[in-house]
1. Roughly how many nanometres apart are two label points built 7 Å out from the Cα toward the Cβ at residue 166 and residue 270?
2. Once fully extended, how much extra length lies between residue 261 and residue 115, figured as 0.36 nm per residue of separation less the alpha-carbon to alpha-carbon distance?
3. Nothing charged except the Cβ atoms of Lys and Arg (+1) and of Asp and Glu (-1): what's the magnitude of the dipole of the chain about its Cα centre? Round to the nearest 20 debye.
4. Using a Förster radius of 51 Å, what is the FRET efficiency between residue 287 and residue 55 based on their Cβ-Cβ separation? Nearest 0.05, please.
5. Cut-off under 29 Å on the C-alpha distance; same-chain residues fewer than 8 positions from residue 243 excluded. Which lysines are left, in chain and number order?
6. Specify the residue with the greatest mean-square fluctuation among 73, 237, 155, computed from a Gaussian network of the chain linking alpha-carbon atoms under 10 Å apart.
7. Among rounded, prolate and oblate, which fits the stretch 128-212 when a ≥ b ≥ c are the square roots of the eigenvalues of its C-alpha gyration tensor, a/c under 1.5 means rounded, and a/b larger than b/c means prolate?
8. For the chain, count the residues as N, evaluate 2.2 N^0.38 Å, and divide the Cα radius of gyration by that value, please.
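Just so it is clear, none of the values below were taken in a lab; they were calculated from the coordinates. What you see is a predicted model, and the numbers here were worked out from it, not measured in a lab. No Cβ is skipped: glycine too gets one built from the backbone with ideal geometry, and neighbour counts run over all protein chains shown.
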Amino acid sequence: MAVRLTALTGALLSLTLGVLQPAQAETVLERVSRTGRLNTVVLNGDLPYTTQQGNGYVGLGMEFAKEIQKEVSEYIGKPVQLVPQPVNSINEGLAAIASGAVDLSCGAGFSWGRSMFVDYSLPFALTGTRLITPPGNDGTPTALQGKTIGAVKNSLSAHAIEKTVTGGELALFENPAAALQALKNGEIQFLAGDSLWLLANRAAVDPSGNVTPSVPYNRSAVGCVVPENNSGLLNLSNLAIAKLMQAYINDDPSALQRINQWVGPGSTVNLSQDVIKAYFTNVLLTAALLNLS
């Protein structure tokens with residue numbers, strides 16, 4: 001079964017204690033300036049956020065990571081290469097960020113437990129826990145009694161289902177790609193996860209399935225994470241994210257294309273531009289709207 005918040009916190013602590021130092025010899029920005037590399041966590045099968053495509057990685061998270069790369073490059077006054085760092089699990093990615101071994105990860109759902117070890121940027125998406133279910137099943141706790149429900153190990157969705165569906169059995173998979181393959185192969189019939197992730201991948205793994213219930217089990221903001229105590233990188237990340245969101249609100253053609261291909265009209269997620277603009281506006285109103293028009 002999925003670990004609870006306290007157990008997840010303990011697991012992350014045990015993973016990072018061996019590599020965390022009392023004080024970093026240099027900040028992330030100093031290291032990036034020295035090496036010319038901004039290392040970012042990527043996870044295959046995690047659309048709309050990241051997935052492998054050929055020799056590289058693509059997704060909504062990568063669009064925002066590229067904006068952060070650009071902002072960092074302008075700030076330090078030299079070219080910076082965005083270097084994907086593939087990981088095989090959520091815990092591996094979080095531990096890499098928490099230890100300072102990797103600089104950035106875009107597509108991370110917020111939790112208070114995780115925020116003890118990493119710092120979150122402005123969010124660029126809002127999601128929640130839902131399920132891909134067979135036709136006729138509404139995905140509510142009553143309808144899931146006695147069912148085996150797949151989920152990604154140590155994900156926020158695994159934790160939500162464990163707490164809420166007391167009469168179901170949770171089958172945990174090491175990473176998103178493995179969970180999707182299990183559904184496609186018929187190993188499981190129910191898959192819980194991030195709503196946007198389910199929508200982005202449903203057609204490829206279970207086109208007849210439904211994404212249910214209509215009201216998610218929980219909701220979570222999604223953004224980028226950086227190692228703690230690196231306010232310079234966090235500030236530049238927030239600025240880069242805000243600029244791309246504001247450009248989308250302002251109908252900038254490049255911004256519209258970059259966001260829409262992953263979550264907008266015509267994509268597998270198929271959100272309307274009005275919905276995306278409304279969310280971006282609400283996020284920016286918590287700080288200040290940028291006048292980029």
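1. Reported label-point gap for residue 166 and residue 270 is 3.7 nm.
2. Working: separation 146, 0.36 × 146 = 52.56 nm, distance 2.96 nm.
Length difference between fully extended and current span is 49.6 nm.
3. Working: 18 positive and 21 negative charges, 11 e Å.
Here the chain has a charge dipole of around 60 debye.
4. On the way: r = 36 Å, r/R0 = 0.72.
Calculated value: 0.90.
5. 66, 70, 78, 277
6. In this elastic network of the chain, the residue with the biggest mean-square fluctuation among 73, 237, 155 is 73.
7. On the way: a/c = 1.43, a/b = 1.15, b/c = 1.25.
Taking the square roots of the gyration eigenvalues as a ≥ b ≥ c, the stretch 128-212 is rounded.
8. Values: Rg = 18.8 Å, N = 293, 2.2 N^0.38 = 19.0 Å.
Relative to the 2.2 N^0.38 Å estimate, the chain comes out at 0.99.
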